[in-house]
Every structure is written in structure tokens, then in C-alpha cells.
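A short write-up of the structure that comes next.
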Ligand SMILES: [Zn+2]
């Protein structure tokens, strides 16, 4: 349904014409480089370093065989903010250190078979030397990253958030090193140098090549080097990276940390940059930041291409206070690559609810550390906890809120 133009590497129009033309050229000029040029000139897109290499390494004989039709499908999952509040870290604390894995137990049915799992750690995992701290300047134990990776299956990691600079550049560097040691498929959004910022994260899953780009609206701590955080208002950076990613990858994923906090309404800044990303050829936009859900839609780019757009996936893991902040979910979809292009299908949203116990007395006294018995649950199993935390609310009421907020362009699982 939503095909975009084929990529150079897999573009095989008028194969025979190319072969015949190339053969003539080979005879006439007798050079392999001419072959490569013919291949490149027949591409729908500007050649990239990758496709140059491909063309040069391919012998003419190898391409005389008829192209083998190939279809590859992978599944991807994405969710919103994972915030290591004080009470969440306290909940994970045990004699041996920290264990966050129980928090991911109930969502295993959704994530366990996903090839790619996008996650947004909203808090640094810079190491204990920077002090473990909660709101407003966060730093979670490094185990948080380990458990997100192990139990949460996170392998595409957003680092462009308003909290990434909570403790300065040294903490950003240490945080990046911790994530890198876990060897996810991709990390993007924060950088330790200008050269790092320029290098786009690419990864390949089952023969599909992805680019992962990440940008934030702003940083709470505004004192940072221009390279430290990718800010999308730097439109030169944004445009240049999206163009480069589009040329080099089958699928371009853009993470945007943006929007109006606690508002389910998409703001003008978001719609403007979603359109800009679609015009530049992005395939998937994953929005986080408002702490609540916003609509999912398809944004049409200037060449008629379609970009799956999640304006905000809300929160996944947190102990925030409001009903809507605890109502989240996991988005999933399939990505299929054929010889004619890439297709995104089977787009779904699986609602979750983050529950905890907090007595009326502790709540009245604003004793935040007293929040306990944390559980990330599938919404359908959270009815009793929702009703006890928020009289008048229920799983059914939350499901309706989610459907009204996400909209009818994607399927909301019940
Ligand atoms: Zn944020």
C-alpha cells in the first residue's frame, strides 16, 4: 500500500537494455569502470558510496542471471519514555545492586519477537561517579541500560532528549560509552564530538539497511556544545543528515523528542517538522517527549511518499503522577522489502499502563519515594489497579482515551 521509490541497489529496470548497453560499452571501451557508470546512471537516486562499492565489486557476468525475486519482512517495536524516577530506582534496588527486569515481564508477548526495538531512555546512565539521582537532573544506575537491553529488548536507542545534558558533557560521554558497551544496533541523538555528530548510524537486519537519526527540540540544561545534542532547529544538520540517510538506506527512521508536555494535541512545530522529514524522504517518525500519547498518522512527502508518523508514544516506564502519563503502549509494524521497494504494514498499538501503590496519606504528603509495587502491565490486565489509583477511571475508559488520541489510522489492540 505505501510503497516508495525503489532504491538504487535493488532497482532493476530494463535489465536487458542495461546488460546489452553495457556489453557494447565493455567491448568498445573495455573498462569495468564504464560498467559501473552505466549502472549508476540508471539509478533512480544519486549514487552513494555504498552503491558505488556495490557496482564496482559486481562482475558483469554475475548480473546476467535473471534477478531472483526476494522478499524480506522484519518486525519493529517502539515505545515512549523510560524514566528512572527515584521511586523506580528504589523499587529495583536489591542486595546485589539493581534489577529492573521484572518491570519488563508483562510486555514480553509484544516485544519478544521484534527484530528492532526502539527505546527512549529519558535519563542518563552515566555511572555512579556522577551520582544516582532522580528528578530534575537524572542519572540512573548503569544496570538500567543493561536491563533495558536484556529484558526490554531495546536495540535502537534514542539519546536526543531534554534530559541528556542533565549532568554535562562528561556525563554524556560516559553515558554513551555505557550504551555502546551493550552493542545495540544503533544509538543516535547525542555525541561526544563534532565528528561523531556527522556520522550517521546505519544498521542492517535481514538484508534491509536502516538509517537511524535522532533529534530533540531543546535541552533543559542549555549549556552544551553544538555537537553534544542533535537539535532539529539546526535545519542545516537535519536536512543534510536526512538527505544522506535517504541516499544510503532502504529505510530511514527519525526519532523526534518534541511536543507540548502533557498535551495530547500535536503542535505546529511538530506538524512542520513531520512534513519536513517526510519531504526529505523519511519512512518512519517516532515521536516522544510530551509524556502522553498523541495521534498516529501517515504524513505525505513532496514526492508522494508516505511516512508513518507517531507524534508521541507517551511514557512506557515511569512513576509520573497523572493518569494520562501512566497510560502508554508499544507500537509495532512490519517492514517488507521486495525488489520493487519497501512497504510498512500491520501497524498496531498495544496499550500499557504503569501502575504503583501509593497510600492516600503518602499522596497527601507528596511522599514520592513511597510509591511502591511498580508494574508495567498490558492495559487489559490493569483494570483493578487503574480503578484503585484513579477512582472513575478504568481499563475500558483508558482504551477509549487511547483510541480517541491515537486515531483510526492504526489498529489499537484490545
Ligand atoms: Zn523529555
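The values are calculated or read from the model by the stated rules, or taken from the named source; none is laboratory data. None of the values given here were measured: they were computed from a predicted structure. Note that each Cβ is placed from the backbone with ideal geometry, even for glycine, and that neighbours are counted across all protein chains shown.
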Within the range 274-290, how many residues are on the phi < 0 side of the Ramachandran plot and within 16 Å of the ligand (Cβ to nearest atom)? 4
Could you list all residues from the range 225-249 that are surrounded by 16 or more Cβ atoms within 10 Å (Cβ to Cβ), out of contact with any helix residue (DSSP H, G or I) (no Cβ under 7 Å at 6 or more places or on another chain) and either farther than 17 Å from residue 278 by Cβ or not assigned by TED's automatic domain parsing to the domain that holds residue 80 (or both)? 229, 231, 237
Any residue at all in the range 75-86 that's modelled with pLDDT of 95 or more, out of contact with any strand residue (DSSP E or B) (no Cβ under 7 Å at 6 or more places or on another chain) and either within 16 Å of the ligand (Cβ to nearest atom) or not assigned by TED's automatic domain parsing to the domain that holds residue 284 (or both)? yes
Kindly check whether there is at least one residue in the range 115-122 that is at pLDDT 95 or above, in contact with a strand residue (DSSP E or B) (Cβ under 7 Å, 6 or more places away or on another chain) and over 15 Å from residue 79 (Cα atoms). no
With a cut-off of at least 3 residues that are crowded, with 16+ Cβ neighbours inside 10 Å and over 28 Å from the mean Cα position of the chain (by Cα), name the helices (runs of 4 or more DSSP H) lying wholly within the range 341-414. 383-389
Working only within the range 147-159, note down all residues that are in contact (Cβ under 8 Å) with a residue 60 or more places away in the chain, more than 12 Å from the ligand (Cβ to nearest atom) and not in a loop (DSSP other than H, G, I, E, B). 148, 156
Would you please name the residue that is farthest from residue 165 (Cα to Cα), looking only at residues in the range 245-263 that are assigned to a loop (DSSP other than H, G, I, E, B) and within 16 Å of the ligand (Cβ to nearest atom)? 263
Can you tell me which residue is surrounded by the most Cβ atoms within 10 Å (Cβ to Cβ) among those in the range 199-224 that are farther than 21 Å from residue 277 by Cα and more than 16 Å from the ligand (Cβ to nearest atom)? 205
Exclusive hit being part of a helix (DSSP H, G or I) and over 15 Å from the mean Cα position of the chain (by Cα), set 144, 218: 144
Kindly check whether there is at least one residue in the range 319-330 that is within 16 Å of the chain's Cα centre (by Cα), outside any strand (DSSP E or B), crowded, with 18+ Cβ neighbours inside 10 Å and assigned by TED's automatic domain parsing to the domain that holds residue 106. no
Please work out which residue is nearest to residue 258 (Cα to Cα), limiting yourself to the range 113-127 and to residues that are within 13 Å of the ligand (Cβ to nearest atom) and in contact with a helix residue (DSSP H, G or I) (Cβ under 7 Å, 6 or more places away or on another chain). 121
Which residues, counting only those in the range 393-414, are without any contact (Cβ under 8 Å) to a residue 60 or more places away in the chain and within 26 Å of residue 85 (Cα to Cα)? 394, 395, 399
Anything in the range 97-114 that is surrounded by 15 or more Cβ atoms within 10 Å (Cβ to Cβ), touching a strand residue (DSSP E or B) at 6+ places or on another chain (Cβ under 9 Å) and outside any loop (DSSP other than H, G, I, E, B)? List them, or say none. 103, 104, 106, 107, 110, 111
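Mind listing just one residue for me: the one in the range 160-180 that is assigned to a loop (DSSP other than H, G, I, E, B) and more than 11 Å from the ligand (Cβ to nearest atom) and, of those, farthest from the chain's Cα centre (by Cα)?
Going through the qualifying residues, I end up with 167.
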